[in-house]
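Here's the structure we're looking at; comments come further down.
The values are calculated or read from the model by the stated rules, or taken from the named source; none is laboratory data. Bear in mind that the values here come from a model prediction, so they are computed numbers and not experimental data. Note that we place each Cβ from the backbone using ideal geometry, even for glycine, and neighbour counts take in every protein chain shown.
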Ligand code: NAP
């Protein structure tokens, strides 16, 4: 169902900028925001990703502008936001979704590998937020959503670079939420659980064994879908979330909470053989004895 964003200035449509919006979760987020009435700007490095993403989004009825950028470079990011200002004159939503990741034990992680991931995720999120600020502050109901991961506050064994960067993004989310509240800019984060995308299938979920182990770890017992993640972003940028800022919404089937050992116990059933009813003959069994 469409939830039109409020405050159309001069009849123009609100604009959402999604970094990494040509692929994976970014493209799914774009699909739902377009349904909600946003014009989209998708920005990343690869012209192929942008072209393909733009084509897929347009096929669903979105109006899309594709702009190449490397979010690690503050000058390129400034030029990106200058282009948004020139084309649309407004920006209502920024989704900091661009990321890079690869699995590597920390002791084998090269300084370049570290810098690449921290540069995209942490520097990129700050550079984009900072450059978007002058446009966002003039929007009627502006908002930023940063895409993080639960290792922002837990441990990320095998992905120390990404975990450290996402932790920084979470701290930035909370800090900007407070600093920019006086400008009416809400800043929140979404933390996806495991989702199949081309990138994660290539870099992280690389064997059936890994997929099985991860699935086993999720209380809801499955991977999420790109649309399930996008729904959370759609909510957080909407007027329904107008009093929510500085929060992180985990959309992960309960994964970060951990499963404990309850599932190893025998199942409970209506016959009273399970653990959730007192054993026969015990106090409170209600057998009239
Ligand atoms: P993805 O398709 O690889 O998305 C990452 C996007 O970032 C790509 O479109 C990529 O486009 C862009 N990007 C990479 N480096 C960039 C740079 N230097 N400058 C600008 N753009 C750059 O992967 P995804 O799975 O959809 O991930 C999307 C977000 O969800 C990420 O923040 C990720 O950490 C988070 N996440 C995903 C999962 C999951 O299971 N899928 C779980 C937790 C969190 P170019 O190559 O064209 O630059």
The correct count of residues that are buried (at least 18 other Cβ atoms within 10 Å of the Cβ) and under 16 Å from residue 78 (Cα atoms) in region 127-150 is 8
Among the residues in region 183-204, are any assigned to a helix (DSSP H, G or I) and farther than 28 Å from residue 108 by Cα?
yes
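Conditions tested, residue by residue: (1) more than 22 Å from residue 24 (Cα to Cα); (2) crowded, with 19+ Cβ neighbours inside 10 Å; (3) modelled with pLDDT under 95.
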{"site": "152", "(1), (2), (3)": "no, yes, no"}
{"site": "178", "(1), (2), (3)": "yes, no, no"}
{"site": "183", "(1), (2), (3)": "yes, no, no"}
{"site": "188", "(1), (2), (3)": "no, yes, no"}
{"site": "195", "(1), (2), (3)": "no, yes, no"}
{"site": "201", "(1), (2), (3)": "no, no, yes"}
{"site": "211", "(1), (2), (3)": "no, no, no"}
Identity of the residue in region 228-237, touching a helix residue (DSSP H, G or I) at 6+ places or on another chain (Cβ under 6 Å) and farther than 14 Å from residue 253 by Cβ, that ends up surrounded by the fewest Cβ atoms within 10 Å (Cβ to Cβ):
235
Residues of region 207-224 being touching a residue at least 12 places away in the same chain (Cβ under 8 Å), in a loop (DSSP other than H, G, I, E, B) and either out of contact with any strand residue (DSSP E or B) (no Cβ under 9 Å at 6 or more places or on another chain) or closer than 16 Å to residue 148 by Cα (or both), in sequence order, are 219, 220, 221, 222
If you go through region 238-262 one residue at a time, how many are within 16 Å of the ligand (Cβ to nearest atom) and either within 25 Å of residue 180 (Cα to Cα) or surrounded by 14 or more Cβ atoms within 10 Å (Cβ to Cβ) (or both)?
9
If a residue has to be farther than 24 Å from residue 123 by Cα, under 19 Å from the mean Cα position of the chain (by Cα) and outside any helix (DSSP H, G or I) to count, how many in region 23-56 make the cut?
2
Can you pull out the residues in region 88-98 that are more than 17 Å from the chain's Cα centre (by Cα) and either crowded, with 24+ Cβ neighbours inside 10 Å or modelled with pLDDT under 95 (or both)?
91, 92
Keeping to region 40-71, report how many residues are in contact (Cβ under 8 Å) with a residue 40 or more places away in the chain, surrounded by 20 or more Cβ atoms within 10 Å (Cβ to Cβ) and farther than 25 Å from residue 118 by Cβ.
1
Just checking: which of the helices (runs of 4 or more DSSP H) contained wholly in region 57-171 hold 2 or more residues that are within 15 Å of the ligand (Cβ to nearest atom) and over 21 Å from residue 203 (Cβ atoms)?
74-88, 124-136
Can residue 68 be described as at pLDDT below 95 and over 27 Å from residue 223 (Cα atoms)?
no
